[in-house]
Amino acid sequence: MLTGATSLSPVLASVCGREPPGSVHSTGDSMLIHFSSDSHVSGQGFNASFSKGCGGLLHVDRGVLSSPYYPQNYLPGLNCSWHVMVTAGFRVSVSFQSPFQIQGYGSECSSGDYLE
């Protein structure tokens, strides 16, 4: 997950594994979410909700995104990106639910599949 609208934005987090990570918060009003799977293995993927992160019950600037085919296994070789934008002046907040299964490994999910 990158804090900004382009792939050149600073990386906020790179996550993988079998346990949902904690919430991720942008530093500005947009976040680029990129999912990648290698050509070897697949997993159930992820399901995440996002909001503008100021608390309270929001009916706008809120939604759900998930990996293709979730909760079934995603396909190998995917390269998906979501650009989440909220009202200017707010931050994007992403929370992950179970099941969470992205088949990556290594320090900071440096090998295999990942979500950043």
Task: Highest-MSF residue in the chain out of 104, 43, 89 [GNM, Cα springs under 10 Å] - done: 89
Task: Fluctuation leader among 15, 94, 64 - the chain, Gaussian network, Cα springs under 10 angstrom - done: 64
Open item on the list: Just to check I understand the Karplus step: with θ = phi - 60° and J = 6.51 cos²θ - 1.76 cosθ + 1.60, what whole-Hz values come out for the stretch 21-31, glycine and proline as x?
Closed with: x, x, 4, 10, 10, 6, 9, x, 9, 8, 8
TODO: Rounded to whole Å and sorted largest first, list the principal axis extents of the Cα atoms in the chain.
DONE: 41, 28, 20
Task: the chain, relative contact order in percent, only Cα pairs under 8 angstrom and at least six apart counted - done: 40
Open item on the list: Let's see if you can work this out: charge +1 on each Lys and Arg Cβ, -1 on each Asp and Glu Cβ, no other charges. What is the dipole magnitude of the chain about its Cα centre, in debye to the nearest 20?
Closed with: 260
Open item on the list: Please check: in the Gaussian network model of the chain (C-alpha springs, under 10 Å), which one of 67, 37, 23 has the largest mean-square fluctuation.
Closed with: 23
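Quick note: the coordinates plus some simple rules give every number you see, no bench work behind them. Since we're looking at a predicted model, the values are computed, not measured. Cβ: placed from backbone, ideal geometry, glycine included. Neighbour counts: every protein chain shown.
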